[in-house]
Amino acid sequence: MKYKIFVDGQFGTTGLKIHEMLKDRKELEILTINEEDKKDLEIKKKFLNEADLVFLCLPDEASKESVKLITNNTTKVIDASTAHRTNPDWTYGIAELNPTQREKIKNSTRVCVPGCHASGFIMAMKPLIENNIVSKKQKIVCHSITGYSGGGKGLIDIYEAPENKDKYRSQRPYALALSHKHLPEMKYILGLESAPFFTPSVGNFAQGMLVMSYLIKDELEKNISKKEVLSLYKNYYKNEEFVKIIEDDIDYLDEGFLDAMKCNNTNRIEISVYESDDYMLVISRLDNLGKGASGAAVQNMNIMLGLEEKAGLKS
Ligand SMILES: NC(=O)C1=CN([C@@H]2O[C@H](COP(=O)(O)OP(=O)(O)OC[C@H]3O[C@@H](n4cnc5c(N)ncnc54)[C@H](OP(=O)(O)O)[C@@H]3O)[C@@H](O)[C@H]2O)C=CC1
Ligand SMILES: CC(=O)N[C@@H](CCC(=O)OP(=O)(O)O)C(=O)O
């Protein structure tokens, strides 16, 4: 028997990527809607209810609308949008989050894909919070550098328009009202009292990202060295295929520089740590369209359908 899969939003950035990742998998049958019918609710309803599992790769409001169109209780849903990430009826789709999250995902019919910046931040901070290094009361500073595909078709069209060839060459900070849409999930999933002081920026490259979390040693709950932090990460993620902890950062850096694109087209997240006497910096490197979106979505699907978790994914 093949599992029937429907990607609602299959013509957008995240949807296309998921489609591409699944198209040759023999255990899956991909249901395909005609592009001109994609917003026809009656036609869409048929697809949504026929599928064993649906990916929603839509704007938030359209995602909520699609969930309401599902009238059976067997179709499983993986939502890539921001709509349900802090909804307690939905399971947050980071299998590596804690020892029970994978099982929770497996037994859920509603799973959301984390935001790309949020994935980098949460996976760097969770082990430190669980080990009482960072307190939930702490105000954490985080900056992220992402490729422009994170902004979907709209931003891709702007960056790739021939007339803009030389226009957006610098890294550009955005969300400067300091209220980025990933703040609620960062706060909720980690149980922080305050959302982080988070500033994203977008660069003139399509894919890849670095999420940088800044820690002040005096503000930590324990006096701890980089070496100890690395060993704590190694232990926390010891059985995780997709998480790589970087112990030798001399070889890791390119002559002292860190490239945002080196996890592209994989589902890998790399965590590296840097320190001085007073400060510590944790950097998560991932593909915003891999572990930050479509890769994570496929990983969750594999878990929910009882398939091999790494099927179709590169670590
Ligand atoms: N890009 C990324 O890195 C990530 C994106 N996401 C999330 O995934 C979702 C999709 O983002 P992304 O792929 O980047 O966006 P895109 O803009 O690239 O694609 C969205 C697609 O959905 C279509 N669409 C819009 N409304 C409807 C509707 N009511 N019914 C069916 N199709 C509809 C759009 O068609 P049209 O253009 O014709 O309106 C478009 O094809 C968003 O919620 C985003 O937050 C999640 C993780 C990362
Ligand atoms: C460059 C850019 O605009 N990136 C998007 C993040 C994309 C992503 O992961 O977020 P969602 O899943 O929440 O859409 C942003 O910062 O809003």
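What follows draws every value from the coordinates through simple rules; no lab data is involved. What you see is a predicted model, and the numbers here were worked out from it, not measured in a lab. A quick note on method: Cβ atoms are made from the backbone with ideal geometry, for glycine too, and the neighbour counts reach across all protein chains shown.
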Could you figure out which of (1) under 14 Å from the mean Cα position of the chain (by Cα); (2) part of a loop (DSSP other than H, G, I, E, B) isn't true of V111? (2)
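Yes/no matrix, rows are residues, columns are (1) away from ligand 1 (no atom under 13 Å from the Cβ); (2) hydrophobic (A, V, I, L, M, F, W, C); (3) outside any loop (DSSP other than H, G, I, E, B); (4) over 28 Å from I245 (Cβ atoms):
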site: S63; (1), (2), (3), (4): no, no, yes, yes
site: K68; (1), (2), (3), (4): no, no, yes, yes
site: T74; (1), (2), (3), (4): yes, no, no, yes
site: I78; (1), (2), (3), (4): no, yes, yes, no
site: A83; (1), (2), (3), (4): no, yes, no, yes
site: L97; (1), (2), (3), (4): yes, yes, no, no
site: K104; (1), (2), (3), (4): yes, no, yes, no
Can you list residue pairs whose Cβ atoms sit under 6 Å apart, with the first residue in region 168-182 being of a type outside the set (A, V, I, L, M) and the second being assigned to a loop (DSSP other than H, G, I, E, B)? Count only pairs 6 or more apart in sequence or on different chains. Y168/N204; R169/N204; Q171/G203; K181/T82; H182/G115
Selection from region 230-257 of residues more than 22 Å from P114 (Cβ to Cβ) and either among the aliphatic types (A, V, I, L, M) or out of contact with any strand residue (DSSP E or B) (no Cβ under 7 Å at 6 or more places or on another chain) (or both) yields L230, S231, N235, E247, D248, I250, D251, L253, D254, E255, G256, F257
Which one of these does S225 not meet: (1) polar (S, T, N, Q); (2) surrounded by 12 or more Cβ atoms within 10 Å (Cβ to Cβ); (3) over 18 Å from D277 (Cα atoms)? (3)
So for region 285-307 (the condition being over 10 Å from the mean Cα position of the chain (by Cα), within 16 Å of ligand 1 (Cβ to nearest atom) and hydroxyl-bearing (S, T, Y)), does at least one residue qualify? no
Just to check your reading of the model, which residue among P88, P99, P59 is surrounded by fewer than 16 Cβ atoms within 10 Å (Cβ to Cβ) and within 12 Å of ligand 2 (Cβ to nearest atom)? P59
Taking the residues in region 1-19 that are within 16 Å of ligand 2 (Cβ to nearest atom) and not in a strand (DSSP E or B) as candidates, determine which candidate is farthest from D157 (Cα to Cα). I18
Hey, among the residues in region 188-234 that are part of a helix (DSSP H, G or I) and under 22 Å from K262 (Cβ atoms), which one's nearest to the chain's Cα centre (by Cα)? Y233
Scan of region 119-159 for residues that are within 13 Å of ligand 1 (Cβ to nearest atom) and surrounded by fewer than 21 Cβ atoms within 10 Å (Cβ to Cβ), ordered by number: G151, G152, K153, G154, L155, I156, D157, I158, Y159
For region 235-254, which positions are more than 22 Å from the chain's Cα centre (by Cα) and of a type in the set (A, V, I, L, M)? I250, L253
